[in-house]
Amino acid sequence: MPEASLGRRKLGAEQSPEELAIRSKIDALVAELYHLREDEKKEFAPGRDRVHYAGRVFDDEEMRSLVASSLDFWLTLGPYGEKFEQAVKKYFDARRFVFVNSGSSANLVAISSLTSPTLKNPLRPGDEVLTPAATFPTTLAPIVQNKLTPVFIDVTLGDYNANPELLAEAVGPKTRAIFLPHTLGNPFDLDAVLKLAKEKNLVLIEDCCDAFGGTYGGKKVGTFGAMSTLSFFPAHQMTTGEGGGVVVNEGKYAKIVESFRDWGRDCWCPAGVSNTCGKRFDWQLGGLPKGYDHKYTYSHLGYNLKPTDMQAAIGLVQLEKLDSFVKLRQIHFKRYHDAFKKYEDRLILPTKHEKADPCWFGYVITVREGVSRAALTRFLEERNIETRLVFAGNILRQPAFHGVDHRVHKSLENTDRVMNDTFFLGVYPGLTPAMQDYVIESVDEFFKQNG
């Protein structure tokens, strides 16, 4: 039994022999239920069964850990959360990891942290943040929500990351930060971006929501910026259901990130603990009377973005499997890449930086002139194969972002191309060889029918 599934026995609370016996029975029954369901699964039938682009990959260990945590009935973030935060922090060798309820919330917390009045030179309304226009909505939304000005950069076809040359050209007198995703798990040119950030004194935040487990120059993505963000939604490299987090690499942001997650409070006591600082009733902050309870003192306009302890219980088990998930994604990616090389005159296939070893989120394809994306994706969908577009396409053309204050550097020609001609297939660990065979055969059949 994995340590994460041992419930309170590993979290410091004593249990009676009777409770331990009941828990042991429940644990065994949960495992039995999982294996019963697995035994009832039918062999994949091409055309009948859906080939999903992503999905949960788990076994009885996650279910047992989840049930064990539910029996404790902590519910809110607690002992499992603390263990999970420490485990992810260790994985990245970070200063702090703050678990939140989604990758979108992680982005919100990270960007909001740059505006903290506790910093010497916080970002202020109107300050600029460099970011790609081919993006996910909640990578951009926190910039707008904090009244910062996004500066949109075109992407490069093939890797679909912000063009580093354009990034350098786009820096202006108000530019203060760079917020870039490793698009679909493909690390951007970190050498160029870090050099730019250092030369221009810009804060770099990595959006690693699609990229957990990848490396650049042998170093984990998520360890290069001042902060990085993760998503644990079921489509991503590992899951807690809903969930995400902020990896803090520069210590000055650690307390700020936690504060924005936890209502904006100034106190940093963990759940169920009081007076960690030893002077709970001795602070003098703001216009409050001296000695006002530090647990009810607020230094930021924060949120409640905490996940649950039950999510953390799942995450502890999933994190142990991350390396195997990474390898499977890479194997599935290579299978498609090898199969589709014969169509390079009709399709733009994915490329990566020579120093990058991605944990791929998907296999991304741009159709060349003469091939219709709509026709190809419709053909695949009709054969029960899921496809996805590259998120919002040109996000400035999305209704939610019409009229937002922004600046565009040069053209967004490639971004519009992505909007019109690009899609991706899944490479998640749940794919089987039979599923990939069917996808490859279907692409072959499309080109056979369409010249």
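The values are calculated or read from the model by the stated rules, or taken from the named source; none is laboratory data. These figures come from a predicted structure and were not determined experimentally. No Cβ is skipped: glycine too gets one built from the backbone with ideal geometry, and neighbour counts run over all protein chains shown.
Only one of the numbered conditions (1) modelled with pLDDT of 95 or more; (2) farther than 27 Å from residue 219 by Cα; (3) more than 18 Å from the chain's Cα centre (by Cα) is not met by residue 53, and that is (3).
Checking each residue in the range 242-257 for being surrounded by fewer than 21 Cβ atoms within 10 Å (Cβ to Cβ) and within 14 Å of residue 105 (Cα to Cα) picks out only 242.
Regarding residue 331, is this residue at pLDDT 95 or above, among the hydrophobic types (A, V, I, L, M, F, W, C), more than 24 Å from residue 120 (Cα to Cα) and touching a Leu at 6+ places or on another chain (Cβ under 7 Å)? No: the conditions fail for residue 331. Among helices (runs of 4 or more DSSP H) entirely within the range 237-356, having at least 2 residues that are within 30 Å of residue 433 (Cα to Cα) singles out 309-320, 322-340. The residues on offer are 394, 384, 414, and the sole one that is on the phi > 0 side of the Ramachandran plot and either crowded, with 17+ Cβ neighbours inside 10 Å or in contact with a Lys or Arg (Cβ under 8 Å, 6 or more places away or on another chain) (or both) is 384. When 420, 414 are checked against the criterion of being within 25 Å of residue 148 (Cα to Cα) and assigned to a helix (DSSP H, G or I), 414 stands alone in meeting it. Are any residues in the range 369-412 closer than 30 Å to residue 175 by Cβ, free of Cβ contacts under 8 Å to residues at least 24 places away in the same chain and of a type in the set (D, E, K, R), and if so, which ones? Hit for the range 369-412 is 397, nothing else. For the range 267-308, filtered to residues that are among the charged types (D, E, K, R) and surrounded by fewer than 19 Cβ atoms within 10 Å (Cβ to Cβ), the residue that is nearest to residue 89 (Cα to Cα) is 295. Which of the residues that make up the range 204-236 are of a type in the set (Ser, Thr, Tyr) and not in a loop (DSSP other than H, G, I, E, B)? Passing the criteria: 215, 216, 228, 229, 231.
Inspect the range 16-25 for any residue being among the hydrophobic types (A, V, I, L, M, F, W, C) and either at pLDDT below 95 or on the phi > 0 side of the Ramachandran plot (or both) and give the result as yes or no. No.
If you go through the range 207-228 and keep only what is surrounded by fewer than 24 Cβ atoms within 10 Å (Cβ to Cβ) and on the phi > 0 side of the Ramachandran plot, you end up with 217, 218. The C-beta contact set for the range 311-336 (first residue among the β-branched types (Val, Ile, Thr), second residue outside any helix (DSSP H, G or I) and crowded, with 18+ Cβ neighbours inside 10 Å, distance under 6 angstrom, 6+ apart or interchain) comprises 314/240; 326/213; 326/359. The set of residues in the range 176-229 that are among the acidic types (Asp, Glu) and without any contact (Cβ under 8 Å) to a residue 40 or more places away in the chain comprises 199, 206. Quick check on residue 150: is it closer than 17 Å to residue 127 by Cα and either in contact with a His (Cβ under 6 Å, 6 or more places away or on another chain) or surrounded by 23 or more Cβ atoms within 10 Å (Cβ to Cβ) (or both)? Answer is yes for this residue. One residue stands out in the range 367-395 among those that are within 22 Å of the chain's Cα centre (by Cα) and not in a loop (DSSP other than H, G, I, E, B): the one that is nearest to residue 48 (Cα to Cα), namely 388. Only one of the numbered conditions (1) touching an Asp or Glu at 6+ places or on another chain (Cβ under 7 Å); (2) surrounded by 16 or more Cβ atoms within 10 Å (Cβ to Cβ); (3) farther than 22 Å from residue 55 by Cβ is violated by residue 426, and that is (3).
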